[in-house]
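Reviewing the structure listed below.
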Amino acid sequence: MTHRNPRTKLLLRALAIGAATGAFGISFGVFCTATGLSVAQASALSLLVFTGASQFAAVGVIASAGSPITAVGSGLLLGVRNAAYGLAVENFLPKRTVPRIFASQLIIDESVALAFSADEDDRLHAFLAGGVSVFVFWNTGTLVGAIAGSNIADPAAFGIDVAFPASLLALLAPRLRDRAALRTALFGAAIAVALTPLLPPGLPIIAASLAVVLELLRTRER
């Protein structure tokens, strides 16, 4: 029996995650054209913003006749977690300015989760593999969805709408074997669910990060 190199395994996982996210990108492209955006505008959003939740939030505001300022604000609100991701990954990102700037564009849920699922020596490789894979598949999916547009009337009927959360859960599942991680995840989920009826979209997710702070304080006390 042959054993794959650990980096080969990471690359295969990155490609699988990218493909799943690309399917979700198709639904984003369809959503954009359904709200009146052009193919070029949809593609620009994915290339420049490159964070799915923020993109959907911004286009959702536009679809409901909201102002551009509100759309940008909603997107920023959901993207604030990326700042925390930046602090988490800055130790293994390239040190030179230009490569570091390009690498920062790849700081998303999937690339960070894949990086921290790898051994310390392989984290940069895993981060880049995950980030580039998702970037290519997400933008390709957006373009395909935007062009197809009217030919896919209901993306949910194809299961496209669950591809993104499913891929993220697949990454998180192995880490939940640890009791502290499982406790933090459950507490964070409880906070988000409890606050969803009370707060605007995006805020419950940000508030859920308090579960991490409380777990860190609990660990320090012990």
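The values are calculated or read from the model by the stated rules, or taken from the named source; none is laboratory data. This is a predicted model, so every value here is computed, not measured. Cβ atoms come from the backbone with ideal geometry, glycine included; neighbour counts cover every protein chain shown. Each accessible area value is taken on the protein alone, full model and side chains, heavy atoms only, with ligands, DNA and RNA left out. Shrake-Rupley method; radii C 1.70, N 1.55, O 1.52, S 1.80 Å.
In the range 199-222, the residues that are of a type in the set (Gly, Ala, Ser) and surrounded by 15 or more Cβ atoms within 10 Å (Cβ to Cβ) reach residues that are at pLDDT below 75 and part of a helix (DSSP H, G or I) with C-beta atoms within less than 9 angstrom, at least six apart or across chains, in these pairs: GLY202/SER74; GLY202/LEU77; GLY202/LEU78. Test ILE147 against the criterion of being at pLDDT below 85, closer than 20 Å to GLN55 by Cβ and either surrounded by 14 or more Cβ atoms within 10 Å (Cβ to Cβ) or of a type in the set (Val, Ile, Thr) (or both), and give yes or no. Considered against the rule, which asks whether it is at pLDDT below 85, closer than 20 Å to GLN55 by Cβ and either surrounded by 14 or more Cβ atoms within 10 Å (Cβ to Cβ) or of a type in the set (Val, Ile, Thr) (or both), ILE147 comes out as no. The set of residues in the range 171-188 being modelled with pLDDT of 75 or more, among the hydrophobic types (A, V, I, L, M, F, W, C) and open to solvent by less than 50 Å² (accessible area, probe 1.4 Å) consists of ALA180, ALA181, ALA185. Among the residues making up the range 54-92, a single one is touching a Leu at 6+ places or on another chain (Cβ under 7 Å) and closer than 20 Å to ASP122 by Cβ: PHE92. Of all residues in the range 16-53, those that are open to solvent by 30 Å² or more (accessible area, probe 1.4 Å) and among the polar types (S, T, N, Q) total 4.
For the criterion of being open to solvent by 40 Å² or more (accessible area, probe 1.4 Å), assigned to a helix (DSSP H, G or I), modelled with pLDDT under 90 and among the charged types (D, E, K, R), ARG13 fails.
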